[in-house]
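Participant: Let me begin by handing over the structure; questions about it come next.
A short reminder: the numbers here are calculations on the coordinates, not readings from a lab. None of these values were measured; they are calculated from a predicted model.
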Amino acid sequence: MRAACTIAVAALIAVIVSTTGCKRDGERARPLAATARACTSGDLGCPRAILYVGDLAASQRYYRDQLGFKVDWAYGEPPDFGAVSRGDTQLFMCQRCQGHPGSWLWVFTPDVDRMYAELVERGAIIKEPPANRPWGAREMIVADPDDNRLRIASGADHDD
């Protein structure tokens, strides 16, 4: 029995070493660990939506070129998990995993009309232009190629 346990532990260590490598912490990029260490604002904080995407590289290009995000990182060989950010919003993306296409996310901007003009100029997929809503927000809806939706809002100053 003890020999079987020893063999099982040795096999597990071999799998871990072969998939993670023998590098020390500073030698191999671990973007999720860095994100977790940077989040120190209370009991629960720094939420990150994980969007299902069909093609990570194409999605990160769309968020960069059409939505004005910065590509933060891509992880895996080949990359299948990554992040983009703009302002205080960071989104994780997982290629053909973690959920389904068509997720929704609500984010805020100081001026949704200015954001709308920028995104139209960039060629973003606009599903709905800015409109005042009864709950006091002025919102627009933008999509990505996987039909994930960003509901971008600012405070409404007047009724439509």
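Participant: Taking amide hydrogens as modeled 1.01 Å from N in the peptide plane, which residues meet the under 5 Å criterion relative to Ile125, leaving out close sequence neighbours?
Facilitator: Ala143
Participant: Relative contact order of region 87-160, please, whole-number percent, based on alpha carbon pairs below 8 angstrom and at least 6 residues apart.
Facilitator: 33
Participant: Convert each backbone phi in region 128-142 into a coupling constant with the Karplus relation 6.51 cos²θ - 1.76 cosθ + 1.60 (shift: θ = phi - 60°), then list the ³J(HN,Hα) values in order as whole Hz, x for Gly and Pro.
Facilitator: 8, x, x, 8, 6, 10, x, 7, x, 10, 9, 10, 10, 10, 10
Participant: So between Ala38 and Ala131, what do we pick up on full extension, going 0.36 nm a residue minus the alpha carbon distance? The partial results should precede the final answer.
Facilitator: Working: separation 93, 0.36 × 93 = 33.48 nm, distance 3.60 nm.
Answer, rounded to one decimal: 29.9 nm.
Participant: Using every alpha carbon pair in region 46-125, what percent of pairs falls into each 5 Å bin from 0 up to the bin containing the largest distance?
Facilitator: Spelled out bin by bin, region 46-125 gives 3, 15, 24, 27, 18, 9, 3, 1 percent.
Participant: Relative contact order for region 69-124 using alpha-carbon pairs under 8 Å, separation at least 6, rounded to a whole percent?
Facilitator: Computed value for region 69-124: 20 percent relative contact order.
Participant: Once amide H atoms are built 1.01 Å from N in the peptide plane, which residues 5 or more positions from Asp72, or in another chain, come under 5 Å H to H?
Facilitator: Amide H neighbours of Asp72: Ala83, Val84, Ser85.
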